[in-house]
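First the structure, in the form of structure tokens, and then the observations on it.
The values are calculated or read from the model by the stated rules, or taken from the named source; none is laboratory data. Source: prediction; values computed, not measured. Ideal geometry is used to build each Cβ from the backbone, glycine not excepted, and the neighbour counts take in all protein chains shown.
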Amino acid sequence: MCSDIGQASHCCVFYSAVGALFTLWVGVMLHTQPFYIAGIEDVDVAKSSAFGAFFAFVAVFLLSIVGIFYDNNYKKEPIADDEAAEGYQLSRGDVPTYGTSN
């Protein structure tokens, strides 16, 4: 699934975008209406943690975008058939016949 930087970056772009949206929503909720979120002892610490996680997800998102552009621009492409030597093929002579009855 994530065998090269391009595939890993595509996976991380989606993951970090969803994470950034969620933590931004949590941060906004803690900033505007913290009384709707139960179990928060210190609203300022929770708000700081939510926005810190948001910026971490944004950083991963930006690094993933850079990884996608890098992979698209510097990916090694396989050699095409038209670039190969004209009429090149492996020799068919002197092939051992192991296990045959000849």
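A few remarks follow.
- Every condition in (1) β-branched (Val, Ile, Thr); (2) surrounded by 17 or more Cβ atoms within 10 Å (Cβ to Cβ); (3) over 18 Å from the mean Cα position of the chain (by Cα) is met by residue 13 except one, and the failing one is (3).
- Filter result for residue 88 (hydroxyl-bearing (Ser, Thr, Tyr), modelled with pLDDT under 95 and in contact with a helix residue (DSSP H, G or I) (Cβ under 9 Å, 6 or more places away or on another chain)): no
- Near pairs, Cβ below 8 angstrom, 6+ apart or cross-chain, from the range 20-31 (free of Cβ contacts under 8 Å to residues at least 24 places away in the same chain) to any residue that is not hydroxyl-bearing (Ser, Thr, Tyr): 29/37; 30/37; 30/40; 30/43; 30/46; 30/47; 30/50; 31/47
- Selection count where residues are closer than 30 Å to residue 73 by Cβ, surrounded by 14 or more Cβ atoms within 10 Å (Cβ to Cβ) and either over 29 Å from the mean Cα position of the chain (by Cα) or among the hydrophobic types (A, V, I, L, M, F, W, C) (or both), scope the range 16-46: 2
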